[in-house]
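For reference, the structure is listed below as structure tokens.
Derivation of every value follows stated rules applied to the coordinates shown; laboratory data play no part. This is a predicted model, so every value here is computed, not measured. Positions of Cβ are backbone-derived with ideal geometry, glycine not excepted, and every protein chain shown enters the neighbour counts.
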């Protein structure tokens, strides 16, 4: 079965960096894009961008450009999210999400979600 | 502030039918398909509806959705206690080149 398993919670100081991993299994990793979505405590969902798992090309949402790095290690079917220059307002649960395009009538759909990784930024 | 507008709360009694609205604009819902997600407390969101009205396998047919113009709605019939959750709509915004979400609607089953 399709699974996305993320790394654990992180506590970071302002200005530091964090790297979250997302291990995919149960499907052909390079056939489906990975998106990143975050959710601040008690708040709604915010899309951060996506990475083409076939080419490795990342696309970042406006407002995040410059502080985010999406990367892959296809040999271990894992996607990574790195955030630099962390601020208190980056405190959130970060989700990796598969775009099930091929399984959703060739329309984008976020069909499988990781369990989330809580990143807390505090001095 | 969310780009798509949803009522913050909705409620119904077991067996009832409830609808949740999602209002957008010509650059998002008006031009692209809508998806709906269900998020139980402390859990990751779950895909309920894609491509405006289609259900992934495993989602009961009690859940249905539609889109008209720049608005969409999710309907839940035969309401059950396990439907208590937060529901989010989302669509691609071609002007912003981003997926935009509604603020979420918290459904209470009385």
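For the reader, a short list of remarks on this structure follows.
- If the Kirkwood radius is taken over C-alpha pairs of the protein assembly as shown, then at 10 °C and 1.306 mPa s the Stokes-Einstein diffusion coefficient equals 88 µm²/s.
- Coarse-grained scattering of chain A at q = 0.10, 0.17, 0.23 Å⁻¹, given as base-10 log I(q)/I(0) from a Debye sum over alpha-carbon atoms: -0.28, -0.81, -1.42
- Compactness ratio for chain B: Cα radius of gyration over 2.2 N^0.38 Å (N = residue count) comes to 1.00.
- Share of pairwise Cα separations in the range A:1-53, more than 17 Å, in percent: 53 percent
- Estimated FRET transfer efficiency (residue B:96, residue B:21; beta-carbon r; R0 30 Å; 0.05): 0.90
- Counting, for every residue in A:45-51, the Cβ atoms of other protein chains within 10 Å of its Cβ and taking the mean gives 4.
- Among beta bridges identified by DSSP and lying wholly in chain B, the antiparallel ones come to about 85 percent.
- Antiparallel %, DSSP beta bridges [both residues in the protein assembly as shown], to 5: 90 percent
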